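Colleague: Take a look at this one; I'll ask things after.
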Amino acid sequence: MSPTSNVPTKAPAVVMPNPPIHRVLSGQKALVTGANSGIGRSVALALGKAGADVVVNYVAGDEAAEAVVSEIRSGGAKAYAHKADVSNESQVVAMFQKMIAEFGTIDILVNNAGLQRDAPIEQMTLDQWNTVIGINLTGQFLCAREAVREFKRRGVVEAVSCAAGKIICMSSVHEIIPWAGHVNYAASKGGIMMMMKSIAQEVARFRIRVNSIDPGAIRTPINTKVWSSPEAYEKLMTLVPYNRIGEPEDIGRAAVWLASDAADYVTGTSLVIDGGMTLYPGFATGG
Ligand code: BGC
């Protein structure tokens with residue numbers, strides 16, 4: 001008998017808890033890219049609940065962006081929507097200029113905008129490759145560069161935060177797990193990891209913290225086909241030891257913590273939030 005034969009192979013299905021978010025980011029100014037849906041939306045709402053004023057960046061979907069803005073304002077924080085393509089240098093520069101004019105500065109950048117353009121390698125077009133690298137990786141570089149410029153100009157304001165600024169890069173478990181049929185996406189996320197760590201190393205002495213979040217399967221529009229039917233969900237769960245899909249709020253809460261002074265000694269780190277997807281689930285009963 002194997003030593004693990006009396007252990008259930010899966011966690012019981014669980015319902016996500018939703019503890020309250022405390023106002024640990026009062027007085028801080030945040031920019032969240034791709035904030036009108038999915039993970040970005042949830043992060044923007046969570047930062048707003050934590051007391052930050054938020055710029056809701058988006059590229060398409062005015063109504064959804066305005067809905068996020070209204071929800072943040074209803075909790076008492078300031079917010080506005082800003083349409084800009086993060087892969088376009090002049091649009092990014094203009095977005096930061098406007099934010100500094102409106103809010104005075106930036107304390108928190110959440111580099112979230114991202115997409116997938118999936119295809120087998122032999123069919124992947126250069127356009128599919130360039131679109132994904134342009135938005136997922138170059139877009140994060142352009143926004144990080146503008147944020148660092150402002151963080152260094154302003155320095156630490158102790159009444160606001162003990163850091164001069166915080167950047168959170170939305171990466172993925174696919175900075176670790178290779179992904180057949182998604183080489184552009186996995187390459188962009190692997191690139192984010194080394195970009196994040198290199199920027200973190202470069203700017204730590206200015207008290208600027210740079211980290212990533214690596215979500216696993218989260219219930220958002222990007223991956224509807226893996227959770228919208230019971231068969232697909234069951235198949236997905238073979239990859240998730242914790243036996244539930246992630247909810248966008250799982251990521252929102254983590255972003256609040258990473259941006260707050262409670263995480264002041266955390267820099268250059270990838271925080272994996274994946275219900276165990278990166279734990280080689282096949283080895284729970286094999287190997
Ligand atoms: C992808 C999702 C996928 C998840 C786990 C994410 O980065 O965007 O489509 O479900 O990784 O594989």
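Colleague: Quick one: work out the % antiparallel among DSSP beta bridges in the chain, nearest 5.
Modeller: 0
Colleague: For the stretch 227-287, what does the equivalent ellipsoid look like in terms of its semi-axes, each the square root of 5 times an eigenvalue of the Cα gyration tensor, given largest first in whole Å?
Modeller: Listed largest to smallest, the semi-axes of the stretch 227-287 are 28, 16, 6 Å.
Colleague: Express the carbon and sulfur contribution to the solvent-accessible surface of the stretch 29-277 as a percent, rounded to the nearest whole number, probe 1.4 angstrom.
Modeller: Reported share for carbon and sulfur atoms: 55 percent.
Colleague: Tell me which of Gly286, Gly38, Pro19 sits at the most positive position along the dipole axis of the chain, charges placed on C-beta atoms (Lys, Arg +1; Asp, Glu -1).
Modeller: Value computed over the given set: Pro19.
Colleague: If I take R0 = 35 Å and measure r between the Cβ atoms of Asn18 and Ile121 in this structure, what FRET efficiency does the formula 1/(1 + (r/R0)^6) give, to the nearest 0.05?
Modeller: Computed FRET efficiency for Asn18 and Ile121: 0.30.
Colleague: Same structure again: Kirkwood Rh, Cα Rg: Rg to Rh for the chain?
Modeller: In the chain, Rg relative to Rh is 0.98.
Colleague: Averaged per residue, what accessible area in Å² does the chain show with a 1.4 Å probe, protein chains only?
Modeller: That works out to 48 Å² per residue.
Colleague: Under a 5 Å amide H to amide H cut-off, with H placed in plane at 1.01 Å, what residues pair with Glu247 once short-range neighbours are removed?
Modeller: Amide H to amide H, under 5 Å and 5 or more residues apart or across chains, Glu247 pairs with Arg219.
Colleague: Something else now. Taking amide H positions as placed in the peptide plane 1.01 Å from N, state which residues far from Val56 in sequence (5 or more) or on other chains have amide H under 5 Å from it.
Modeller: The answer is Tyr80, Ala81, His82.
Colleague: Now for a separate question. What is the Cα centroid distance between the stretch 221-287 and the stretch 24-41, reported in whole angstrom?
Modeller: 20
Colleague: Right, another one. Using 1/(1 + (r/R0)^6) with R0 = 51 angstrom and r between the beta carbons of Ser90 and Tyr233, what's the FRET efficiency to the nearest 0.05?
Modeller: 0.75
Colleague: Another one. Give the long-range amide H neighbours of Leu271: residues separated by 5 or more places, or on another chain, with amide H under 5 Å away, using H modelled in the peptide plane at 1.01 Å from N.
Modeller: Answer set, sorted by chain and number: Ser212, Ile213, Asp214.
Colleague: Using Cα-only point scatterers and the Debye equation, what is log10 of I(q)/I(0) for the stretch 9-80 at each q in 0.25 Å⁻¹, rounded to two decimals?
Modeller: Values, matching the q order: -1.03.
Colleague: How big is the charge dipole of the chain about its Cα centre, in debye rounded to the nearest 20, if each Lys and Arg gets +1 on its Cβ and each Asp and Glu gets -1 on its Cβ?
Modeller: It works out to roughly 600 debye.
Colleague: Let me ask you something else. Jot down the per residue volume, in cubic angstrom and as a whole number, of the convex hull over the alpha-carbon atoms of the stretch 133-202.
Modeller: In the stretch 133-202, the Cα convex hull volume per residue is 83 Å³.
Colleague: Could you check the spin-label model distance between Glu71 and Ala262? Points 7 Å from the Cα along Cα→Cβ, value in nm.
Modeller: Between Glu71 and Ala262, the simple spin-label model gives 2.1 nm.
The values are calculated or read from the model by the stated rules, or taken from the named source; none is laboratory data. None of the values given here were measured: they were computed from a predicted structure. Here the Cβ is made from the backbone with ideal geometry for all residues, glycine too, and neighbour counts use every protein chain on show. These area figures cover heavy atoms from the full protein model, side chains too; ligands, DNA and RNA do not enter into them. Shrake-Rupley method; radii C 1.70, N 1.55, O 1.52, S 1.80 Å.
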